[in-house]
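The values are calculated or read from the model by the stated rules, or taken from the named source; none is laboratory data. Keep in mind that what you see is a predicted model, and the values were worked out from it rather than measured. All Cβ positions, even for glycine, are placed from backbone atoms using ideal geometry, and neighbour counts span all protein chains on display.
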């Protein structure tokens, strides 16, 4: 018996991996985070499969479902949004499974930030403008940020920041990052990427909080901050330059 942690991607049912879909189609038990994973994502479970929406369950109740399936010798598809390695709340589940001696594996998924970049038609690593992406969050009601991972420290890098779980903390984000990036630095708020009501709000550090307040959005969003988001006067990548050689391409001329 195996618990399969599956990254379902950002929301669109056709953005799940082939491996993830095959596991959902084969497992007699399916637990999915219904607040973040659309029910259509688990529509192809086997006939008579036990399907549980875990959005209202505690960790103990989720582990109890694993233990029940283990006792019955039934594989479990444990479906999470995005990629399980990024704010997936899977580490504590895997720790419990280790203690119980229950086998598990992990299938990666399309992370929401990359799906947002695709929808926006943006490359997040623009030559000589930005070559670093930092995925982070700010501290509100959830666990505190480790020392040295606050926005004021991370922002000193000048990297493109993708700030998760922080849509209600935009004033703090403006305060911390404006001295480092400039008040006119581009900001994009990506809401429910991959869902039918997907939405993007464009602004700057100076005005994004007001724009989001007017929109009424208060959850399920990422905040992109960085000069690369609006870069249009950048050099071409060296990868395809005629003067750039590698093992598969000889010098031109």
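A count restricted to the stretch 29-49 and to residues that are in contact with a helix residue (DSSP H, G or I) (Cβ under 8 Å, 6 or more places away or on another chain) and either assigned to a helix (DSSP H, G or I) or under 18 Å from residue 104 (Cβ atoms) (or both) stands at 8.
Of all residues in the stretch 95-114, those that are touching a helix residue (DSSP H, G or I) at 6+ places or on another chain (Cβ under 6 Å), more than 15 Å from residue 31 (Cβ to Cβ) and surrounded by fewer than 22 Cβ atoms within 10 Å (Cβ to Cβ) total 0.
Based on what the data block shows, is residue 23 in contact with a strand residue (DSSP E or B) (Cβ under 6 Å, 6 or more places away or on another chain) and either within 17 Å of residue 90 (Cβ to Cβ) or surrounded by fewer than 16 Cβ atoms within 10 Å (Cβ to Cβ) (or both)? Judged against the criteria, residue 23 is a match.
The number of residues in the stretch 50-59 being in contact with a helix residue (DSSP H, G or I) (Cβ under 9 Å, 6 or more places away or on another chain), outside any strand (DSSP E or B) and either outside the structural domain of residue 91 (by TED's automatic domain parsing) or surrounded by fewer than 19 Cβ atoms within 10 Å (Cβ to Cβ) (or both) comes to 2.
The residues on offer are 153, 160, and the sole one that is on the phi < 0 side of the Ramachandran plot and either surrounded by fewer than 19 Cβ atoms within 10 Å (Cβ to Cβ) or more than 17 Å from the chain's Cα centre (by Cα) (or both) is 153.
The criterion of at least 3 residues that are under 19 Å from residue 16 (Cβ atoms) and modelled with pLDDT of 95 or more is met, among strands (runs of 3 or more DSSP E) falling completely within the stretch 72-191, by 76-80, 104-107.
Listed by first and then second residue, the pairs linking a residue in the stretch 74-99 that is farther than 13 Å from residue 6 by Cα to a residue that is surrounded by fewer than 21 Cβ atoms within 10 Å (Cβ to Cβ) and modelled with pLDDT under 95, with Cβ atoms under 6 Å apart and 6 or more places separating them unless they lie on different chains, are 87/164. Entry remark, the stretch 177-211: residues being buried (at least 20 other Cβ atoms within 10 Å of the Cβ) and closer than 22 Å to residue 86 by Cβ number 8 in total. Confirm whether residue 62 is free of Cβ contacts under 8 Å to residues at least 60 places away in the same chain, surrounded by 18 or more Cβ atoms within 10 Å (Cβ to Cβ) and outside any loop (DSSP other than H, G, I, E, B). Criteria met by residue 62.
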